Amino acid sequence: MSYYLVIFQGGGALGSAAFGALAQGAGLTGALLAAAVGLAFVALVGVWLPFSAISPRELLPAGDWPDPQLAATETTHGPVLVTLEYRPRPGREQDLVEALHAGRYARRRTGAISWRVWRDAADPGHVLEQFVVDSWAEHLRQHERVSRRDRNASTRSTP
């Protein structure tokens, strides 16, 4: 969310500066005409490249993440590092890493603060995915946020 706000505010500042420069050079009428042409262009691009529809069924919670195995019962404080270990088929390690990179946005969308994927230098067949969430309770809520679409995408792309 913070990246979105920074990009949005930066775009607004840069756009205002560009519009001001255009208004000084071409006059207010020319600047407003350029803005109108830009808006019409964006509307046409929107007609040519519409968003793909997502069925409401795909956005339902998948509900099939396994319950985690815990050593301690009191785990409600502080950030939590979640580590998933993968053992892809021999020769498919890079495919798995690419599939995990494609799914990182789903992890971030469902509550991860940071996300990384690691390949073990000593054992190339060992791949780790790690992400941090605010608390253990937040990670349990993350289990409920995984949609069927996320699950289908991960099973399709995981070698």
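The values are calculated or read from the model by the stated rules, or taken from the named source; none is laboratory data. Model, not experiment: these values are computed from the prediction. Here Cβ is always computed from backbone atoms with ideal geometry, including for glycine, and neighbour counts include all displayed protein chains. Only protein heavy atoms, including side chains, enter the accessible area calculation; ligands, DNA and RNA are left aside. Shrake-Rupley method; radii C 1.70, N 1.55, O 1.52, S 1.80 Å.
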Q. Has the range 39-57 got at least one residue that is among the charged types (D, E, K, R), surrounded by 10 or more Cβ atoms within 10 Å (Cβ to Cβ) and modelled with pLDDT of 65 or more?
A. no
Q. Residues in the range 110-131: is at least one modelled with pLDDT under 80 and within 24 Å of residue 57 (Cβ to Cβ)?
A. yes
Q) Among all residue pairs at least 6 apart or on different chains, which show Cβ distances below 9 Å where the first residue, located in the range 82-99, is in a helix (DSSP H, G or I) and the second is among the hydrophobic types (A, V, I, L, M, F, W, C) and modelled with pLDDT of 85 or more? A) 93/127; 96/117; 96/127; 97/117; 97/127
Q | Where a residue in the range 26-54 is charged (D, E, K, R) and its partner, wherever it lies, is open to solvent by less than 90 Å² (accessible area, probe 1.4 Å) and assigned to a loop (DSSP other than H, G, I, E, B), with Cβ under 6 Å and at least six apart | A | none
**Q.** Top-ranked residue in the range 75-129 [being open to solvent by 100 Å² or more (accessible area, probe 1.4 Å) and basic (Lys, Arg); ranked as farthest from residue 139 (Cα to Cα)]
**A.** 89
Q. Which one of these does residue 109 not meet: (1) of a type in the set (Lys, Arg); (2) more than 21 Å from residue 3 (Cα to Cα); (3) touching a helix residue (DSSP H, G or I) at 6+ places or on another chain (Cβ under 9 Å)?
A. (2)
